[in-house]
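**Q** Can you read through this structure? Questions will come right after.
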Amino acid sequence: MSLGLVGRKVGMMRIYTDDGDAVPVTVLDVSNNRVAQIKSVESDGYSAVQVAFGERRPSRVTKARAGHFAKAGVQAGTDLREFRVAADKLADLAPGSVVAATIFAAGQKVDVAGTSIGKGFTGTIKRYNFRSGRASHGNSRSHNVPGSIGMAQDPGRVFPGKRMSGHMGDESKTIQNLVIARVDADRGLLMVRGAVPGAKGGAVVVTPAAKTPLAKGGLPRVARVAAPTGPINPAKAGKK
């Protein structure tokens, strides 16, 4: 039950620490996250916060959603997500208020959810890392086929879940325990160490880590990330 942020993936880049080490990071734009609705136990049966991200014209959203945004006094957005929040933390939020990127700090572990890049219809070699057949010596047009999938007369069928060719990618994925390398509060950017699912411009949801591994003493592990030096240009993120 923690408040998160909705954003989009800008791309990947590298930043440097004081020791000169290169840190690969993914730049996430989480600017202008605004509260669209506050849900309480008295009115809705549970406590939560609806957050809107992005900008859309009211004529480009449904009438129901346009009225929903107008009631909160916020601009229509492209994404609307809901986060379960403890009831004692709702007093600091109000419809129309902006949730800044500073709710996260450098060194904090987060979970980032997004939609993976679609690969289309793929074979078993790419989809499940199958090994291909021999290139010669008796192999006739069976180089990249998965092989036999059938059973004997008993049970006489193919079990569900058999790994075969099919659609790959375009699935909801969550990468856990990613470390925030830097927070740019002025531009509303989060720089997360490592890769994030999805293509450039794809929608992402950032929440505090739900399964932070514990150290030997039973306390959560604290990620040590040296403060990078030098300015950052998010426009160059993802460019090779």
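**Q** Name the one entry in Asp184, Asp154 that is acidic (Asp, Glu) and surrounded by 12 or more Cβ atoms within 10 Å (Cβ to Cβ).
**A** Of the residues listed, the single one that is acidic (Asp, Glu) and surrounded by 12 or more Cβ atoms within 10 Å (Cβ to Cβ) is Asp184.
**Q** Residues being hydroxyl-bearing (Ser, Thr, Tyr) and open to solvent by 60 Å² or more (accessible area, probe 1.4 Å): count how many of those fall in segment 157-174. Spell out the reasoning first.
**A** Going through segment 157-174, the residues hydroxyl-bearing (Ser, Thr, Tyr) turn out to be 165, 172, 174.
Subsequent filtering for residues that are open to solvent by 60 Å² or more (accessible area, probe 1.4 Å) retains 172, 174.
Qualifying residue count for the region: 2.
**Q** Next question, about the same structure. Here are some residues: Gly133, Gly156, Gly150, Gly107. Which one is at pLDDT below 95, farther than 30 Å from Asp29 by Cβ and within 38 Å of the chain's Cα centre (by Cα)?
**A** Answer to the selection: Gly133.
**Q** Within segment 75-111, can you find the residues that are open to solvent by 20 Å² or more (accessible area, probe 1.4 Å), touching a Gly at 6+ places or on another chain (Cβ under 6 Å) and not acidic (Asp, Glu)?
**A** Pass one, segment 75-111, residues open to solvent by 20 Å² or more (accessible area, probe 1.4 Å): 75, 78-82, 84, 86-98, 100, 102-103, 105-106, 108-109.
Now restrict to residues that are touching a Gly at 6+ places or on another chain (Cβ under 6 Å): 78-79, 96.
Thr78, Gly96, listed by residue number.
**Q** Now for a separate question. Could you grab me the full set of residues in segment 112-138 that are open to solvent by 40 Å² or more (accessible area, probe 1.4 Å) and among the polar types (S, T, N, Q)?
**A** Correct list: Thr115, Asn129, Ser132, Ser136.
**Q** Right, another one. Name the residues in segment 123-174 that are of a type in the set (Asp, Glu) and closer than 30 Å to Ala209 by Cβ, would you?
**A** Asp170, Glu171
**Q** In segment 30-51, is there at least one residue being within 22 Å of Gly188 (Cβ to Cβ), touching a residue at least 60 places away in the same chain (Cβ under 8 Å) and among the hydroxyl-bearing types (Ser, Thr, Tyr)? Write out each step before concluding.
**A** First, pick out the residues of segment 30-51 that are within 22 Å of Gly188 (Cβ to Cβ): 30-38, 49-51.
Restricting the remaining residues to those that are touching a residue at least 60 places away in the same chain (Cβ under 8 Å) gives 30-35.
Checking which are among the hydroxyl-bearing types (Ser, Thr, Tyr) leaves us with 31.
Yes - at least one qualifying residue is present in segment 30-51.
**Q** Suppose we keep only residues that are within 24 Å of Ala76 (Cα to Cα) and part of a loop (DSSP other than H, G, I, E, B) within segment 37-52. Which one would you say is most open to solvent (accessible area, probe 1.4 Å)?
**A** Step by step, filter segment 37-52, then rank; the result is Ser40.
The values are calculated or read from the model by the stated rules, or taken from the named source; none is laboratory data. These numbers come from a predicted model, not from an experiment. All Cβ positions, even for glycine, are placed from backbone atoms using ideal geometry, and neighbour counts span all protein chains on display. Keep in mind that these areas ignore ligands, DNA and RNA; they rest on the heavy atoms of the full protein, side chains included. Shrake-Rupley method; radii C 1.70, N 1.55, O 1.52, S 1.80 Å.
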